[in-house]
1. Restricting to the stretch 86-117, give me the number of residues that are touching a residue at least 24 places away in the same chain (Cβ under 8 Å), of a type outside the set (Phe, Trp, Tyr) and either outside any helix (DSSP H, G or I) or under 17 Å from residue 55 (Cα atoms) (or both).
2. Show the residue pairs meeting these rules: Cβ distance below 9 Å; 6+ apart or different chains; first residue within the stretch 59-73 and more than 13 Å from residue 96 (Cβ to Cβ); second residue open to solvent by 70 Å² or more (accessible area, probe 1.4 Å) and not in a helix (DSSP H, G or I).
3. For the stretch 77-92, what are the residues that are among the hydroxyl-bearing types (Ser, Thr, Tyr) and surrounded by 18 or more Cβ atoms within 10 Å (Cβ to Cβ)?
Amino acid sequence: MSKKMTMGSGALLCLAVLLLPGRVNGQDEAAVQYEVAMAQVSEVAYQAAMADTIYRAARRALNESQYRKAIELFEVSLEEEPEYSAEALYYQALAYYRMGGRSNYDRAYAKLNQQLS
């Protein structure tokens, strides 16, 4: 995760806390804590959405028949997003298969074997 994204999202959280209506309208402390918690949940959801963008970009490239680009992006996804490793290996194999040719079929087979292990 880049430093820029962390600083920007942290600023978003601070802004959300400062703009809470409870601070101005005299809400009780529980309501203010609830609002802070909701801002933190939004922050976590944002971070989770950003985390899988490489995998999504790879899937998009595969769907658009950009097989070389998809293979490269799935390789990056394997390093950056280990939770998608099984899917990334499968779709890499699919991209190699769709490119055709004996050497690509061998690479697809190797990726599927890697997924099994």
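1. So the count comes out to 7.
2. 60/66
3. Of everything in the stretch 77-92, those that are among the hydroxyl-bearing types (Ser, Thr, Tyr) and surrounded by 18 or more Cβ atoms within 10 Å (Cβ to Cβ) turn out to be 77, 84, 91.
So that you can scan it fast, the table gives a plain yes or no per residue for (1) modelled with pLDDT under 95; (2) open to solvent by 80 Å² or more (accessible area, probe 1.4 Å):
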{"site": "54", "(1), (2)": "yes, no"}
{"site": "57", "(1), (2)": "yes, no"}
{"site": "75", "(1), (2)": "yes, no"}
{"site": "94", "(1), (2)": "no, no"}
{"site": "102", "(1), (2)": "no, yes"}
{"site": "109", "(1), (2)": "no, yes"}
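The values are calculated or read from the model by the stated rules, or taken from the named source; none is laboratory data. Predicted, not measured: the structure shown is a model, and the values here were computed from it. All Cβ positions, even for glycine, are placed from backbone atoms using ideal geometry, and neighbour counts span all protein chains on display. Heads up: the accessible areas ignore ligands, DNA and RNA and are worked out on the full protein's heavy atoms, side chains in. Shrake-Rupley method; radii C 1.70, N 1.55, O 1.52, S 1.80 Å.
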